[in-house]
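What follows is a short report on a single structure.
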Amino acid sequence: TRSMLTVTLGRGSLPPRVEDRRVRRGAHRPGARISLVRAGAKPDEQEKSTLSAVVVGGGIGGLAAAVALRRIGVDAHVYERASTMRGNAGTGIAIWPNGVKALRFLGDDVASEVTSRGCEITGMRMGMIDEPSARSGEPSGDGGGGISGALKKAATRLVGGAFPAIIRAQHGAGLICIRWAEAQAALASFLPAHCVHLDASLDGIELVEYADGTAKARCTFVARDGTPSDPVTADFVVGADGINSAVRTALMDDGAPRDNGRVIWRGVVDAARVARAHAR
């Protein structure tokens with residue numbers, strides 16, 4: 001049996017070894033914590049045999065990380081706070097060539113599965129917006145009359161038609177449009193079912209230091225109804241839980257996300273309607 005001393009640590013009270021690792025107290029839900037646990041024994045042989053990881057967050061990033069880790073022999077498990085992986089979650093996203101190449105790095109089979117659930121863009125309609133006239137309700141700059149307006153339209157149509165081919169030629173991969181939920185499902189299909197744990201919100205992280213000098217992370221999760229799970233011990237934790245990351249808050253405590261002033265519109269439309277509009 002092990003004798004363990006558990007100390008819940010507040011900010012500024014961390015031992016030097018932990019302070020150097022920038023471990024901080026944080027909260028994902030009331031009572032969440034970062035703690036130091038000193039164990040009076042060595043890790044179990046089973047714990048030492050295989051490198052293990054806890055991936056917090058079952059989105060595209062978390063699932064991709066788990067696939068990559070398991071393919072190099074790490075026993076990675078994903079913990080997602082959503083109770084189901086909904087087929088209508090998210091909207092449309094674009095995977096640019098660097099993203100396609102990252103998928104290929106995981107495996108050609110992974111890249112093929114993800115891209116097959118979307119479609120490669122072969123042409124684009126591009127336009128230009130004159131912001132002052134848009135605010136005043138006047139026609140935008142790309143719709144003006146005369147030679148200037150006609151040249152703008154011709155140029156944007158030419159660039160839009162050639163842009164996808166140029167990207168593929170330069171980068172060796174195309175531009176893929178796919179629904180977020182389809183990308184998530186495709187990545188999840190490469191993980192064993194027992195490795196994806198749903199309805200699991202991060203409740204606390206403990207740093208466990210053993211007598212032989214080794215250290216592990218021990219995570220606790222809680223279901224939506226408040227039921228806690230058994231603690232999960234792993235060699236390291238991957239925070240992939242989104243813009244309001246509980247892992248980042250716990251470890252870094254660097255404040256809320258900052259608005260950079262940029263806006264992007266995403267959506268899902270009927271492809272048949274787009275084709276009809278494009279043909280006009």
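With respect to the numbered conditions (1) without any contact (Cβ under 8 Å) to a residue 40 or more places away in the chain; (2) part of a loop (DSSP other than H, G, I, E, B), which one is the sole condition not fulfilled by residue 212? Failing condition for residue 212: (1). Would you check which residues across region 90-124 are β-branched (Val, Ile, Thr) and within 21 Å of residue 242 (Cβ to Cβ) and list them? Passing the criteria: 91, 93, 95, 114. Checked across region 184-205, the condition of being surrounded by 20 or more Cβ atoms within 10 Å (Cβ to Cβ), of a type in the set (Val, Ile, Thr) and in a strand (DSSP E or B) holds for at least one residue. Being modelled with pLDDT under 85 and either under 27 Å from residue 110 (Cα atoms) or out of contact with any strand residue (DSSP E or B) (no Cβ under 9 Å at 6 or more places or on another chain) (or both) is the requirement here; does residue 192 meet it? So residue 192 fails the test.
The set of residues from region 224-275 being within 30 Å of residue 119 (Cβ to Cβ), among the basic types (Lys, Arg) and surrounded by 10 or more Cβ atoms within 10 Å (Cβ to Cβ) comprises just one member, 266. Residues in region 49-105 that are of a type in the set (Phe, Trp, Tyr) and open to solvent by less than 30 Å² (accessible area, probe 1.4 Å): 79 only.
The values are calculated or read from the model by the stated rules, or taken from the named source; none is laboratory data. Quick caveat: nothing in here was measured; it's all calculated off a predicted structure. Glycine gets a Cβ as well: all are built from the backbone with ideal geometry, and neighbour counts include every protein chain shown. Ligands, DNA and RNA are stripped out before the accessible areas are found, and what is left, the full protein with its side chains, is counted by its heavy atoms. Shrake-Rupley method; radii C 1.70, N 1.55, O 1.52, S 1.80 Å.
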